[in-house]
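Take a look at the structure below.
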Amino acid sequence: MRRFPALVLVGVTLMLGACGASSHDSGVPTLSASNGNATDSGSRPSTSALHAAAQCIRDHGIPAYQDPAVGPDFTIYADQRSLEKASDAAVQQARTQCSALIAAAHFDPARRPHPPAQMVRDGVREAQCFRAHGLPNWPDPKPTDAFDPGHGFQVDISAFAGAVAPGQNPKQSRAFQQAIHACMTQSEAVSADSQLSNLAHGR
């Protein structure tokens, strides 16, 4: 499915017209140089190799790209959002210039990881609060969901069913504004959980 431009919310990312899309079917340019992940071997990924790959990406058109974070279970969390914000030309340039370093680091910059357990727990609390405050169809996150590090879970327009008029910007709807105000504490917890610095420490 084609993914349309996302609206960044607090603790969640709204995916218009796509439900559970992965980075590989999203239409977003990919830097992938490997189908694998360093976690597959059960050994800790090399932080120096990850830094070298990230520095190459920064040097070749995506200056805001952050170093990947490595969780306690050796999961690699990459800065997917910087890739989405970059132009196709910048992503292509980085892919061409940095493919060897990306392959040496054994990670896929476009791969969206599964969330850590704490983020799922906080996401369920957030969803429960949203449902109690005007968004009855807001889904609970699952351990198998993908997410954007630094930007929380992805939800599609069905989360706003019955609460937003057709054609209305969900982020600007009264229902969402009421829910996000009432649930700010829960949403900020999810957002914090998804930050690369916290993911590295297993939060």
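Quick notes on this structure:
- Computed packing ranks the peptides 94-102, 139-147 as 94-102, 139-147, most packed first, by mean other Cβ atoms within 10 Å.
- Here's how it looks for residue 156: its modeled amide H is under 5 Å from those of 15, which are all 5 or more places away or on a different chain.
- Rounded to the nearest Hz, the phi-derived 3J(HN,Hα) couplings of region 106-118 under the Karplus curve 6.51 cos²θ - 1.76 cosθ + 1.60 (θ = phi - 60°) are 6, 9, 10, x, 8, 6, 8, x, 7, x, x, 4, 5, where x marks glycine and proline.
- Converting phi to 3J(HN,Hα) with the Karplus coefficients 6.51, -1.76 and 1.60 and the offset θ = phi - 60°, region 48-60 yields 5, 5, 5, 5, 4, 5, 5, 5, 4, 4, 5, 6, 10 Hz in sequence order, with x at every glycine or proline.
- Centre separation in Å (Cα based) which lies between region 51-124 and region 130-152: 22
Read the figures in this text as sums done on the coordinates, not as results from a lab. Everything numeric in this text was worked out from a predicted model, so none of it was measured. All Cβ positions, even for glycine, are placed from backbone atoms using ideal geometry, and neighbour counts span all protein chains on display.
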